[in-house]
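Reading through the structure tokens given below for one structure.
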Amino acid sequence: MKFVKMHGLGNDFIVIGHLDKLPEQVDRMAIDMCDRHFGIGADGLVFVLPSQKADVTMRIMNADGTEAEQCGNAIRCVAKYAYEHKQLRKKQMSVETLAGIQQVWLEIDKKDRVNRIRVDMGRPEILTDSLSGGDVSDPNAIRNSLAVAGKEFEYTPVSMGNPHAVTFVDQADSFQVEKWGPLIEQHEHFPHKTNVEFVTVQSPTEMDMRVWERGVGQTLACGTGACAAAVAGALNRKTERRVLVHLEGGDLLIEWCEQDGHVYMTGPAEEVFVGEWLK
């Protein structure tokens, strides 16, 4: 099985295209292929498949074998893969995910390479409890408290098609993400677990973010997490609706448009190498 190794700001994926459907036992396959010692190594396994509703379908398996509804960094990789590997030669394309159909715009350079990708990430929702979505205008749902191992965290629960708990901290760059991330991710309040963002606001138009991803662990970047953080920043009146999010792997430009209520993410995707899985 041929694959392409790609990443979006260091959030890395094994991308497989030109298949008609998902392989069997894809959960076990993801665990084996994503293993960084005995496999290829990646945060997730991504398939670019046909779609009856959109131009292509993205399906993404986390490194632990669970399936994610959505992934902002992966969808940029899918768009670049589809264009450069001639699975779909369109500068604007629609991508079907488990979180819905998303529109994607490609910025192409003079060598016919994809430079940057802009993605319509849809309308955010506030998770009024661990399962259901609520109106982002509800002030009572924006701030929540969570007791974790004797420490109280205030967080904003944002859904970008997948769940996020965004918490603001004094210094994201030195925060103990590896300690508190898994405790929040697996807290009993989140029966389906959650992604966790630790954010420091630098100015009304810039923020630093580190992330603990559900089913993966600490990663260098998270596209949906950056979107959730930007939404939380605006809702808590800490930032404007257009912010540059600094992640450990690089920067994403996030815009929460007032006209249509959608969140737009702009950033790069890179291809690292190609190979063949022999197992």
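The values are calculated or read from the model by the stated rules, or taken from the named source; none is laboratory data. Computed from a predicted structure; not experimentally measured. For neighbour counting, all protein chains shown are included, and Cβ atoms are generated from backbone atoms with ideal geometry for every residue, glycine included.
Structure above, values below:
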| quantity | calculated |
| --- | --- |
| Candidates V196, V169 - the one that is aliphatic (A, V, I, L, M) and in contact with a helix residue (DSSP H, G or I) (Cβ under 7 Å, 6 or more places away or on another chain) | V196 |
| Counted residues, region 179-200 - those being touching a strand residue (DSSP E or B) at 6+ places or on another chain (Cβ under 6 Å) and among the charged types (D, E, K, R) | 2 |
| E197 vs. criteria charged (D, E, K, R) and either in contact with a Lys or Arg (Cβ under 6 Å, 6 or more places away or on another chain) or in a strand (DSSP E or B) (or both) | yes |
| Matching residues in region 109-131 - criterion: being touching a strand residue (DSSP E or B) at 6+ places or on another chain (Cβ under 6 Å) and more than 30 Å from I184 (Cβ to Cβ) | D109, V114, N115, R116, R118 |
| Flag for T200 being in contact (Cβ under 8 Å) with a residue 40 or more places away in the chain and of a type in the set (S, T, N, Q) | no |
| Selected residue (only one of L235, L252 is aliphatic (A, V, I, L, M), surrounded by 18 or more Cβ atoms within 10 Å (Cβ to Cβ) and under 30 Å from I31 (Cβ atoms)) | L252 |
| Filtered residue count, region 23-56, keeping only those that are surrounded by fewer than 17 Cβ atoms within 10 Å (Cβ to Cβ), under 16 Å from V95 (Cβ atoms) and not hydroxyl-bearing (S, T, Y) | 3 |
| Inter-residue pairs, beta-carbon under 7 Å, first farther than 16 Å from V245 by Cβ and in region 165-185, second at pLDDT 95 or above and in a helix (DSSP H, G or I), 6+ apart | A165/I184 |
| Tally, over region 8-52, of residues that are outside any loop (DSSP other than H, G, I, E, B), under 22 Å from G223 (Cα atoms) and out of contact with any Gly (no Cβ under 7 Å at 6 or more places or on another chain) | 9 |
| Residues within region 207-249 that are under 16 Å from E69 (Cα atoms) and assigned to a strand (DSSP E or B), tallied | 1 |
